[in-house]
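So the structure is just underneath, and the comments pick up after that.
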Amino acid sequence: MSSGDYRRLHLELRIRSDRTELLEGLENWLSLGLITEEEVRRLCQAYLTCALPVVVAEIVTVIEPEVAPVVTNQLLVQLKPAIWVQVWQSFKAEISVRWLLLLGIFLVVVSSVVLAASAWQDFSPTKQYILLYIYTLAFWGTGIWTSRISNLPLTAQTLQTLSLLLIPVNFWAMDTLGLWTDFEGIITMAIASVTLTGICLWQNRSRYNLSSSLNFLTLSYLHWGWSWLRFPVIAIYVGGIITFLVLQFLSPRRQIGVSLIIYCFLLILARGIFVAQIPLNQLGLVIAVMGWLIANEKLQQKIKRWSPVIGFSLILVALIVTVTEKLPWQGLIVLIIALEVNFSYLRRYWQKRYVLVIFLLGLQGFFVIARLIPQEIKSLLQRSWAIFHQALNSPVSDYSFSLLIYLAIFLVFTDWLYRQNQTKIGLFGERLSLGLGLVLSLIASSNPVARSLNLVFSTITLIILAYRRRGSFRVYFAHIVTLIAIVAILDCLFPDLTLKQWIIIFLGMMTSELILSTRLRGVVSESCWWLGLSLGIWTYLLLFEGFLESSFSLVWLIMPVTLTGIIPGYPRENKVKAALFSSIAVILVQGLAVWQFKTRLLSLIVGTVLMGINYRFIPNQYTARIHWGLILGLVSSLLSPLLRSSDGWLVSAIALLLLWLIPDYTRQRYPNYSQAADFWGTVLSITLLVLVSLTPQWQVLGGIGIMIIAFLERDRRHHQPILIFGVAWLIEIALVTVTEDILSLAVANVIVGLLSLTIRDWLRSKNRYLALLPLFYAGIGFICRLDYFTPYTGLLTIGIALTGVGVGSLRREWKTITILSMVGISLGVYEILLYFLWPISPEEMAKQLTLLALATAGIAVAYRIGSKWVEEVKIFAHIHWAIAGSLQLLSVILRLHNPWNILLALVLSAYALIEGRDLHNRQKNWWVYAGIIQISLVGDYLPEVLNPVKVILACIIAGLIYQIPWQSWGWQSQPWHRSASIIPAFTALISNPGYWNLLAVALFYLQLGRTQQIRWTYLSLGFANWAIARWLIAHNYLDLIWYVSLVGLSINYVATVDPWLQLPSHKRERHYLRLIGTGIIALVALLLHQETGITPAILGLLSVFLGLALKIRAFLYVGTLSFTLTIFYQLVVLSVVYSFLKWILGLIIGVALISIAANFERRRDQIVIVWQQWLTQLEQWE
């Protein structure tokens, strides 16, 4: 009976949990292997545990009893530990103690190795080994000593495990150092072997069974004798066999025993691979066996999480190293092992990844088995196959047929998956088979015979699959492969077929498929239908590519004829589908036949007849539209040889008129055809509009006239306002035709726009948007006149604007048009003015720009005065004021000084300040800001002698603004005060201030912070820092510590005085800000002044003293860290210079870490109490 046939027993026991015999029984079951250690742990956690009593620990005060707060039960539950408390609790955890132990051991070992390496050549091999032997005994002895102390279990267990791990390393060192070569070495080997064996047996006497210990020792002793030529391989295989027998049959009791055995075997394997340089292909089998063993279900009970990963990784390595071996027997065995492991996992978990691995392994096994075939038989088979398919020395095509055998075997495997009710996995296997089949078909595509045989085999296989497991995809795919096989066979038998013959063959196949779709039912009928259509599309593409202008392209008429002919053979619900695709085919065939007169005429005649038949099955307007289109195309083709090009416009316009008149007389009897005629009339009208727009000539004027009549007549009958836009566009095309140049066209459009205002009431009666039609001509006139600048173009602009005024006056909601038109009038006036000011020379630019701005300001004032009677004019006054202000700003930017600029600034500022004079409307305050900005621009024109004191004058003016009673004068005081608070800083930023100017600004904001808000002092601090930094640069103090100190002290000042940060709820933010401010100073000092360490040490001590004096934690933390890092860095530098000192420091630190870990484990309660007192005192600090 296989292992998979055993059933797990479920036992339910009712036992008192307080009986000690229960633990003894669990220990016996554990020794017999009936239960695992993990299951014992889960059972004890579930049934043999109880909740600890809630004890409120009193804080024992040792140093300052009055500082310790009284902690209640409720407070203990609600308060969340601080971050450093959580860190301390994590440090007390078991993993932290182990980490300290390992770190200390590492430092001790490395320090000793460093000391020994400096004089290693002076030692004999025996003394070199004795050093390792002493360390092993030291770890073991220390572990035994600490195991007798009751509260140091972790330290003892770590040291004892480490001594066990060093045992195989000792045997390796004995062999590598060659201790057997002299008497002293042999004595050392004997003593060490007996001692190490005794340590292993004594230490494992209670934790592991004897088989684990013997296996461990055997693997250790196998490190001897590696100097013999073949022994490394023998040792590895012997160790692998022994490990396999022990783990598979003797079953170690605990996880740690299995882990040690695996560690010991991996060590000997690593020595053979990386040290002895054994070729991996010689170790492939043992690697695979170990992978199979580790991945085994029985061993997973010992090392659950990592056994599949380790096992599959080893098997993968074995596969890689044996795939290229000359003798493939080992590779075949490894493949069998890999298949067995994956098959067992597949039966256990039923996952797709195992099917994929089995597929790939089987594919590799096919090639491995091929290598096992004798060369004589292989050569005979290749010669026979080459004679058959006439392709000598073509192994690729050989595989395209021989791999079909493996494909058939894998399909049998997928069929077994289906029989196991694993449908999804079976489908995945079929997809893998499909992928391999496609690859084989691509490989065989280079040889006709191989391609044909491959496709025939694939066709037979797919037909069987489609028959056994019904499904649309399988039927379609089998059908497609069948057609491809037929084509391949024809190509193999008749290789000289031309493209025309292939097209005829494809059309014959298409006809057969469509006819079969009427005789068959179900999925097969659907596949015949769609594949027939696909063949038709394929032949259409071939004809379109190679025979577009040839009469041979008419052969594709068989497609729509066939589709129409098979309509009676379909059920009622499929007749419409056949007629629909027939109609589409009729449309497509016109693209092949349109290039020649005879073919076009024949295709239109046949299409017209077929659409007449199709309309019986699809009696809707879409079919009628196609039918009408074919009739129009047929009439056009018949008339095209009889008409000249100039007559074509008249005939097309008359056709348009008829198409729009016919529906009025045929709508009741032939509603679908009436709608189709109306549709084609609309299409023809759009087409004619586009063509006429592209070719405006004198010959089209007659056609334009008839089109206008047709548009107006249709509008009269159907009331479609969009047609009026068509008429307007036709009139525009007529204007383009009769005018000689662009400027004349602009004049004509402006005139037509003004004249169209006479019929605006009629246009508005039809549709309110038609009243915008005059703007259409005005817009075109405006676009046409853009490239011209004459004394009269300004008048055109005014005419365009008057058109807009006329349109905007029709409706109240079109007031925007009126406003924009008034802007146009202003632009026209500006255009006339600029024409007489042109050209603007650089010498006269200041004067001309100032005059233009003054004129604009005058217009603004005039509009503002006129707004008393017409309210809408006020907006134009403001716009002209903005334009004048922009021109003034431009003159300032370009440094165009002119005495008139002062007058301009005063006028514009007076305008803005008058507008902002309102005590009740706060929305007008922005006028005050604008007026102040206009006045400030006057400062740009002040004499240069005042530049050194310009910032001081700005501070004086800002101070005066704060003293003026603005509310009694009619203004709100807020905008004046806000502007005054910005003026000094803005003036300082745009100028090049000196020390005294910066100090004046700093004093101004300092006074502002004293009288209003403390945060104004931040600006004062910034300008003071600016002045200090300029002074430092001027006196060549370029050390970065000065400038970083300014920033850090400023940050600490903000943390001290900011109102928001002084709130008790923001204590944490204040602390972090102080850390940043003090930390950047300390960081720069550490990075830039680390040679002697004096500067960072002094700053660190100063910060510590400040923190202790002011009770501020940030200063204390940063100072302590800075001072500690400085001292540590200096010690590191000294240790680099003096190697002996490095060993001393490493040894001391390592021993200290081990001691700290042991003390933490033994006295953690007392340390916790003292630490809590310190945290409580620090919590009360800033």
- request: For region 453-523, state what percent of all Cα-Cα pairs lands in each successive 10 Å bin, counting from 0 Å until the bin that includes the largest distance.
  value: 18, 41, 33, 8
- request: Quote the FRET efficiency, to the nearest 0.05, computed for Ile35 versus Tyr418 with a Förster distance R0 of 56 Å and r equal to the Cβ-Cβ distance.
  value: 0.90
- line: Checked region 123-203 with the C-alpha gyration tensor, a ≥ b ≥ c its square-rooted eigenvalues, rounded below a/c of 1.5, otherwise prolate if a/b is larger than b/c and oblate if not; verdict prolate
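Express in nm, to one decimal, how much length is gained between Gln720 and Leu638 on full extension, taking 0.36 nm for each residue of separation and deducting their alpha carbon distance. Mind showing how you got there, number by number?
Numbers: separation 82, 0.36 × 82 = 29.52 nm, distance 3.34 nm.
Fully extending the segment from Gln720 to Leu638 adds 26.2 nm.
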Region 911-1070, relative contact order in percent, only Cα pairs under 8 angstrom and at least six apart counted: 16
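In what order do Val692, Val289, Val194 fall by count of nearby beta-carbon atoms within 10 Å, going from fewest to most? Could you put the intermediate results ahead of the total?
On the way: Val692 24, Val289 21, Val194 10.
Neighbour counts put them in this order, fewest first: Val194, Val289, Val692.
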query: Tell me, His1089, His1035 in order of fewest to most beta-carbon neighbours within 10 Å?
result: His1035, His1089
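Does region 1003-1092 classify as rounded, prolate or oblate by the C-alpha gyration tensor (a ≥ b ≥ c root eigenvalues; a/c under 1.5 gives rounded; else a/b over b/c gives prolate, otherwise oblate)? Spell out each step's value before the answer.
Values: a/c = 5.54, a/b = 1.27, b/c = 4.36.
Oblate, because a/c is 1.5 or more while a/b does not exceed b/c.
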field: Calculated over region 955-1030: convex hull of Cα atoms, volume per residue (Å³)
entry: 81
field: Per principal axis, descending, Cα span of region 604-751 in whole Å
entry: 59, 37, 19
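Where does each of Phe473, Phe312 land when they are ranked from fewest to most other beta-carbon atoms within 10 angstrom?
Working: Phe473 12, Phe312 19.
By the 10 Å Cβ count, ascending: Phe473, Phe312.
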field: Cα gyration tensor category, rounded, prolate or oblate, for region 501-617 with a/c compared to 1.5
entry: oblate
- prompt: Which of the GluC sites (Glu not before Pro) across region 499-600 are loop residues per DSSP, with 15 or fewer other Cβ within 10 Å?
  reply: Glu549
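Here, each number is a calculation from the coordinates, and none is a lab measurement. What you are looking at is a predicted structure, and each value in this text was computed from that prediction instead of being measured. Positions of Cβ are backbone-derived with ideal geometry, glycine not excepted, and every protein chain shown enters the neighbour counts.
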